[in-house]
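These notes are about the structure you will find just below.
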Amino acid sequence: MELDGEQLRLMEVGPRDGLQNESTQVSVADKTQFITLLKTAGLKRIEAGALVHPKWIPSMAHSQEVIASLNKSESVSYAALVPNMVGFERAIEAGVHEVSLVLSVSDTHNQKNINASTSDALERYRPVAERAIDLGVPFRAYVSCAFGCPYEGPIAVPAVVAVAEKLLELGAYELSIGDTIGVGNPKQTHELVRALKESVPVNRLAMHLHDTRGTALANMLAAYQEGVRSFDSAAGGLGGCPYAPGASGNVATEDVVWMFESMGIDTGVDLNVLVNASEMIQSALGRDLPSKAFQAMMAQRQDSKC
């Protein structure tokens, strides 16, 4: 595989997609510290929360407060997921730099996740997109269940392309193609990205991969070979989807950074500082995080103390 030396563009989703599925409530202070450590590690895009009704995702209840408390700077873009215009306005009040929309290829998953069909959800997002464009606020869109749905099973590639095209027309600066339940394989990744590239510029594609079956890094490398340079990941391997039974954590940022950096591909992330961030949130959650690179570095630190 030829390496072009181009730096990866990582979107750190641990504070939102990572923590949204946790039963342990993390305080505003701990979330703020976590995000600040991620920034210190060199991550330039961080999804800091979701402006959703706390009845649906209680762990995101204080996202507006968390985002408002962050020390904003030009070096980092803080993002928030918004489900509608109310969420968008709250995100803007908190001072976000960009917003995220989520639309599944699966009608059933959309009904479970955002209480709307795919077509109805798209129309719900239209005024949000128009408002964002008017204000000059960039927005990216998640294309969920692009590899498979927990309710409908396999998803046809043309259906993924169709949803991606509609979100691109809406004005999204980037489309994050999601293996929400972690059923994808490298062959499928190659085929899907190639199909998407026929109508979506590759520099506007990102991948959002869950590691449910241990194939996330392999799928990421397959997407890289197709020219994708933007990837979502979560510190420590945090994550899971409340509306996708069986989905495990996102691909771990430590694992991504270690793999690419060891191949000579720049990520712009200081792995040691990143481990500090994951160690901090691991302590706050009171459970071990699954990232292999994180576990290895924590073991090395422990050995060095002996």
(message) Anything in region 17-37 that is within 17 Å of G237 (Cα to Cα) and of a type in the set (S, T, Y)? List them, or say none.
(response) S23, T24
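What residue, of S59, S104, S77, is under 18 Å from the mean Cα position of the chain (by Cα), surrounded by fewer than 24 Cβ atoms within 10 Å (Cβ to Cβ), of a type outside the set (D, E) and within 19 Å of Y142 (Cα to Cα)?
Numbers: S59 fails: within 19 Å of Y142 (Cα to Cα); S104 fails: surrounded by fewer than 24 Cβ atoms within 10 Å (Cβ to Cβ).
Of the residues listed, the single one that is under 18 Å from the mean Cα position of the chain (by Cα), surrounded by fewer than 24 Cβ atoms within 10 Å (Cβ to Cβ), of a type outside the set (D, E) and within 19 Å of Y142 (Cα to Cα) is S77.
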(request) Among the numbered conditions (1) surrounded by fewer than 24 Cβ atoms within 10 Å (Cβ to Cβ); (2) within 17 Å of Y142 (Cβ to Cβ); (3) not basic (K, R), tell me where A91 comes up short. (result) (1)
(request) Among what's in region 222-241 and is among the small types (G, A, S) and part of a strand (DSSP E or B), pick the residue that is nearest to S278 (Cα to Cα). (result) A234
(message) Conditions first: (1) assigned to a loop (DSSP other than H, G, I, E, B); (2) over 21 Å from F231 (Cα atoms); (3) of a type outside the set (D, E). S199 passes all but one, so which condition is the exception?
(response) (2)
(message) Given the criterion under 16 Å from the mean Cα position of the chain (by Cα), over 20 Å from Y142 (Cβ atoms) and not acidic (D, E), identify the matching residue among K39, K72.
(response) K39
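Output the residue which, of all residues in region 108-124 that are more than 22 Å from P54 (Cβ to Cβ) and buried (at least 18 other Cβ atoms within 10 Å of the Cβ), is modelled with the highest pLDDT. Spell out the reasoning first.
Of region 108-124, the ones more than 22 Å from P54 (Cβ to Cβ) are 108, 117-120, 122-123.
Filter again for buried (at least 18 other Cβ atoms within 10 Å of the Cβ), leaving 118, 122.
Values: T118: 85, L122: 90.
Looking at residues that are more than 22 Å from P54 (Cβ to Cβ) and buried (at least 18 other Cβ atoms within 10 Å of the Cβ), I get L122.
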(request) Examine region 255-278 for a residue that is under 18 Å from the mean Cα position of the chain (by Cα), among the charged types (D, E, K, R), at pLDDT 95 or above and surrounded by 24 or more Cβ atoms within 10 Å (Cβ to Cβ), and state whether such a residue exists. (result) no
(message) I need the full set of residues from region 52-69 which are assigned to a loop (DSSP other than H, G, I, E, B), without any contact (Cβ under 8 Å) to a residue 60 or more places away in the chain and either of a type in the set (G, A, S) or closer than 19 Å to A234 by Cα (or both), in order please.
(response) A61
(message) Suppose we keep only residues that are buried (at least 24 other Cβ atoms within 10 Å of the Cβ) and part of a loop (DSSP other than H, G, I, E, B) within region 1-40. Which one would you say is modelled with the highest pLDDT?
(response) V13
(message) Can you list residue pairs whose Cβ atoms sit under 6 Å apart, with the first residue in region 206-232 being farther than 13 Å from F147 by Cβ and the second being among the β-branched types (V, I, T) and in a loop (DSSP other than H, G, I, E, B)? Count only pairs 6 or more apart in sequence or on different chains.
(response) D232/V13
(message) For region 175-199, give me the residue count where each residue is out of contact with any Gly (no Cβ under 9 Å at 6 or more places or on another chain) and crowded, with 21+ Cβ neighbours inside 10 Å.
(response) 6
(message) Taking the criterion of being out of contact with any Phe, Trp or Tyr (no Cβ under 9 Å at 6 or more places or on another chain), of a type in the set (D, E, K, R) and either at positive phi or in a loop (DSSP other than H, G, I, E, B) (or both), would at least one residue in region 208-219 satisfy it?
(response) yes
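Being touching a helix residue (DSSP H, G or I) at 6+ places or on another chain (Cβ under 6 Å) and under 22 Å from M207 (Cα atoms) is the filter here; which residues of region 260-273 pass it?
Once the filter is applied, which keeps residues that are touching a helix residue (DSSP H, G or I) at 6+ places or on another chain (Cβ under 6 Å) and under 22 Å from M207 (Cα atoms), region 260-273 yields T267, V269, L271.
Restricted to region 128-156, and to residues that are out of contact with any strand residue (DSSP E or B) (no Cβ under 8 Å at 6 or more places or on another chain) and not in a loop (DSSP other than H, G, I, E, B), which residue is surrounded by the most Cβ atoms within 10 Å (Cβ to Cβ)? Don't jump to the end; show me each part of the working.
Going through region 128-156, the residues out of contact with any strand residue (DSSP E or B) (no Cβ under 8 Å at 6 or more places or on another chain) turn out to be 130-131, 133-136, 150-154, 156.
Going one step further and asking which of them are not in a loop (DSSP other than H, G, I, E, B), we end up with 130-131, 133-135, 153.
On the way: E130: 13, R131: 16, I133: 13, D134: 8, L135: 9, G153: 9.
Among those that are out of contact with any strand residue (DSSP E or B) (no Cβ under 8 Å at 6 or more places or on another chain) and not in a loop (DSSP other than H, G, I, E, B), it is R131.
Quick grid of which residues meet (1) under 24 Å from G14 (Cβ atoms); (2) out of contact with any Gly (no Cβ under 6 Å at 6 or more places or on another chain); (3) among the small types (G, A, S):
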{"residue": "A80", "(1), (2), (3)": "yes, no, yes"}
{"residue": "A94", "(1), (2), (3)": "yes, yes, yes"}
{"residue": "S100", "(1), (2), (3)": "yes, yes, yes"}
{"residue": "N113", "(1), (2), (3)": "yes, yes, no"}
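The values are calculated or read from the model by the stated rules, or taken from the named source; none is laboratory data. Keep in mind that this is a model prediction, so the values were computed, not measured. Neighbour counts run over all protein chains shown; Cβ positions are idealised from the backbone, glycine included.
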